[in-house]
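Here is the structure we will look at.
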Amino acid sequence: MIEVLLKTLPFFAIVGLGYGAARTHFFPEIATAYLTKFVFYFALPAMIIRFSANLSFLELVNLPFIGAYLSATFVIYLLATSVAILRKRNVGEAAVEAQCACIGNVGFLGIPMLAMLMGPEAVLWVMLVLAIDQLVFGSLIVILIVGSRDGRISFGMLKTVGFGLIKNPMIMAMLAGLLCSSSGVALPTPAIEFFDILGAAATPGALFAIGASLASKSAERITVAGWLAFCKLILHPCAVAISALLIFPVAPYPAAVLIAATALPVAGNIFILATHYKVAPARVSASILLSTVASVVTVSLVIAWVNVLYS
């Protein structure tokens, strides 16, 4: 455990550095916004293209892996939704809380960190988790929020969801890389070096941006935020572990990466959605802050355990 904690500490130290820089206003909020854009639109897509260009679509269609993740995640999703409804929250708020309970920071934190801690082959499985999160749960939250307001599912809503997926650079980077690999055309050396150099900025840039964005997060509604952080950091990886190891025949290494990926803190893009639709942004903000701080310990514990699992 101590060895793994020491390996994860540099990652969280960069997060802390970003937090300190933004908290002291040395790194202003507008700088955080532009750094996040750089990582989201350039550095992370470059890293994803570089990895996915060596994959095939068939490698991503791993039904036991997909079944294990979807089934366990829906269990936590429904649990968080039920608790929200019992507290007499509306459909939109319940959808946002459910998203916090089971969607982690896979893109900005998971891809760079797990690639370094568990090997570059981990990126395939982390990318599959990211794709499911974006395609299934990213669409579901928009449908539930907008549908509950309009009282129906309209073509305009589905068009919004579709355009949102098309405009997501990480999804498009994944598709571009897979198309390149499936065509049998190898990337030329200058292109490989270009993606390597640009993609190398993804890890420090993403971690620093996470920390800087946390500086603007509030710690209001601690009770609910604590419950959602507990769901994300403890219940979600436990449910996925049971599903992947006991119900679906997922191989040890993909199962280990899957469990580690589900132990990540609440995703930052949920705050963007909550703010855009004006649905419980303070609750989401506190959930992101609490889960990220607690994940320094919990992620290390989970990675230490899964390392034993596949070693």
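The values are calculated or read from the model by the stated rules, or taken from the named source; none is laboratory data. Everything numeric in this text was worked out from a predicted model, so none of it was measured. Cβ: placed from backbone, ideal geometry, glycine included. Neighbour counts: every protein chain shown.
Which residue out of Ser243, Ser285 is within 20 Å of Thr73 (Cβ to Cβ), of a type in the set (S, T, N, Q) and out of contact with any Pro (no Cβ under 7 Å at 6 or more places or on another chain)? Break it down stepwise before answering.
Numbers: Ser285 fails: within 20 Å of Thr73 (Cβ to Cβ).
The conditions single out Ser243.
Filter segment 62-73 down to residues that are of a type outside the set (Gly, Ala, Ser) and in contact (Cβ under 8 Å) with a residue 24 or more places away in the chain and give me whichever is surrounded by the most Cβ atoms within 10 Å (Cβ to Cβ).
My answer is Tyr69.
For segment 111-127, does any single residue satisfy the condition of being touching a Pro at 6+ places or on another chain (Cβ under 6 Å) and at pLDDT 75 or above?
Scanning segment 111-127, I find at least one residue that is touching a Pro at 6+ places or on another chain (Cβ under 6 Å) and at pLDDT 75 or above, so the answer is yes.
For the list (1) at pLDDT 90 or above; (2) polar (S, T, N, Q); (3) buried (at least 18 other Cβ atoms within 10 Å of the Cβ), I need the number of the one condition that Ser52 fails.
Here Ser52 clears every test but (1).
Condition test on Ile247, is it free of Cβ contacts under 8 Å to residues at least 60 places away in the same chain, among the aliphatic types (A, V, I, L, M) and either surrounded by fewer than 24 Cβ atoms within 10 Å (Cβ to Cβ) or in contact with an Asp or Glu (Cβ under 7 Å, 6 or more places away or on another chain) (or both)? Don't jump to the end; show me each part of the working.
On the way: free of Cβ contacts under 8 Å to residues at least 60 places away in the same chain: no; among the aliphatic types (A, V, I, L, M): yes; either surrounded by fewer than 24 Cβ atoms within 10 Å (Cβ to Cβ) or in contact with an Asp or Glu (Cβ under 7 Å, 6 or more places away or on another chain) (or both): yes.
No: the conditions fail for Ile247.
Could you check segment 205-311 for helices (runs of 4 or more DSSP H) lying wholly inside it with 3 or more residues that are modelled with pLDDT of 90 or more and not basic (Lys, Arg)? It would help to see each step written out before you state the result.
Details: elements: 222-230, 236-242, 252-262, 269-277, 281-310.
Helices (runs of 4 or more DSSP H) meeting the threshold: 222-230, 236-242, 252-262, 281-310.
Among the residues of segment 1-46, which ones are of a type in the set (Phe, Trp, Tyr), more than 10 Å from Phe208 (Cα to Cα), in a helix (DSSP H, G or I) and at pLDDT 90 or above? It would help to see each step written out before you state the result.
Let us first name the residues in segment 1-46 that are of a type in the set (Phe, Trp, Tyr), namely 11-12, 19, 26-27, 34, 38, 40-42.
Right, trim to more than 10 Å from Phe208 (Cα to Cα) and you get 26-27, 34, 38, 40-42.
Then keep just the ones that are in a helix (DSSP H, G or I); that gives 34, 38, 40-42.
Residues satisfying the conditions are Tyr34, Phe38, Phe42.
Kindly establish whether Ser82 is polar (S, T, N, Q), surrounded by fewer than 21 Cβ atoms within 10 Å (Cβ to Cβ), part of a helix (DSSP H, G or I) and touching a residue at least 40 places away in the same chain (Cβ under 8 Å). Spell out how you get there, then give the answer.
On the way: polar (S, T, N, Q): yes; surrounded by fewer than 21 Cβ atoms within 10 Å (Cβ to Cβ): yes; part of a helix (DSSP H, G or I): yes; touching a residue at least 40 places away in the same chain (Cβ under 8 Å): no.
The answer is no for Ser82.
When residues of segment 277-304 are filtered for being in contact (Cβ under 8 Å) with a residue 40 or more places away in the chain and on the phi > 0 side of the Ramachandran plot, how many remain?
Residues meeting the conditions: 1.
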